């Protein structure tokens, strides 16, 4: 068992899970404010240089997990580890968001696909040289129609 | 406080932290076996379709954190959240590795940059449409000499 602490809170415009975009790519028009708690603010030094950051957070409304799920984008069952669904054995969410600006302990980001009041666990910088992978095979996602996915993934809020 | 459980274990060839590559991009020649514990194996269904996966894991040798660190690749201090260093408030590691094959509850991967016996917390598929971000600004990393970084990042094991 591993114990993690909350380092901040994500204030997003999404109140209901059913209306929340499922990935940042479907949530470009939604911004969020990330409040970093005072004990951890010093760790933000130089974050402004990065255009994109990973947010790792706790899916705070998830109370159980499933090993087999139907993802939002396809009516076919897959293993939870072959999806980004939230009902994971460890409910850790990950979103790559665009960093717009920093005001002290507040980060303003675009691409908010998480619920309001989501507890923040970690921030990591997106670094092209480490994280931009070319020529990947993307499993069942490779056969998904991108336009149809956009409607589903944005929850028709685009 | 959030409690997470171990879902598997990563067997890598790296025994000493000082000799362990700092990112998968510097560790292409190092493979690892990821053993998923029986309770969670069903969640691997269809993972084989993905060429790359995120591993989220616990930095099990980290016993404290620092908010300001000098990263391996530069002799300049940055906030921990502007680096990928392990001394984080929540010691969650993230590596994007290449999935070579699956044998039952064992995943064979390349790009091992974590210590042997690292506890696994989560696996997520790398999905180009979500995760490959174009035209990013990469902060202090943008001024790092890539060849010099390769020597440092691989710990001269390339």
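Mind listing whichever residues of region B:11-43 are within 20 Å of residue A:67 (Cβ to Cβ) and under 15 Å from the mean Cα position of the chain (by Cα)? Across region B:11-43, the qualifying residue is only B:34. Filtering region B:134-156 for residues that are closer than 30 Å to residue B:41 by Cα, facing chain A (nearest Cβ under 9 Å) and modelled with pLDDT of 95 or more leaves an empty set.
Considering (1) within 12 Å of chain A (Cβ to nearest Cβ); (2) surrounded by fewer than 17 Cβ atoms within 10 Å (Cβ to Cβ); (3) without any contact (Cβ under 8 Å) to a residue 24 or more places away in the chain, the lone condition that residue B:63 does not fulfil carries the number (1).
Answer yes or no: is there a residue in region B:144-156 that is surrounded by 22 or more Cβ atoms within 10 Å (Cβ to Cβ) and touching a strand residue (DSSP E or B) at 6+ places or on another chain (Cβ under 9 Å). For region B:144-156, residues surrounded by 22 or more Cβ atoms within 10 Å (Cβ to Cβ) and touching a strand residue (DSSP E or B) at 6+ places or on another chain (Cβ under 9 Å): absent.
Here residue A:106 clears all of (1) at pLDDT below 95; (2) more than 16 Å from the chain's Cα centre (by Cα) except the condition numbered (1). When only residues in region B:23-53 that are part of a strand (DSSP E or B) and buried (at least 20 other Cβ atoms within 10 Å of the Cβ) count, which is farthest from the other protein chains (Cβ to nearest Cβ)? So the residue we want is B:32.
Selection of region A:114-130 for residues being within 12 Å of chain B (Cβ to nearest Cβ), touching a helix residue (DSSP H, G or I) at 6+ places or on another chain (Cβ under 7 Å) and surrounded by fewer than 24 Cβ atoms within 10 Å (Cβ to Cβ) yields A:127, A:129, A:130. Scan region B:1-22 for residues that are without any contact (Cβ under 8 Å) to a residue 60 or more places away in the chain and part of a strand (DSSP E or B) and the total you get is 2. Looking across B:155, B:143, one residue alone is more than 22 Å from residue B:53 (Cα to Cα) and within 17 Å of the chain's Cα centre (by Cα). It is B:155.
Set side by side, the residues B:80, B:63 differ, and just one is in contact with a strand residue (DSSP E or B) (Cβ under 6 Å, 6 or more places away or on another chain) and over 21 Å from residue A:137 (Cα atoms), which is B:80.
The values are calculated or read from the model by the stated rules, or taken from the named source; none is laboratory data. All values reported here derive from a predicted model rather than from experimental measurement. When we count neighbours, we look across all protein chains shown, and the Cβ atoms used for this are built from the backbone with ideal geometry, even at glycine.
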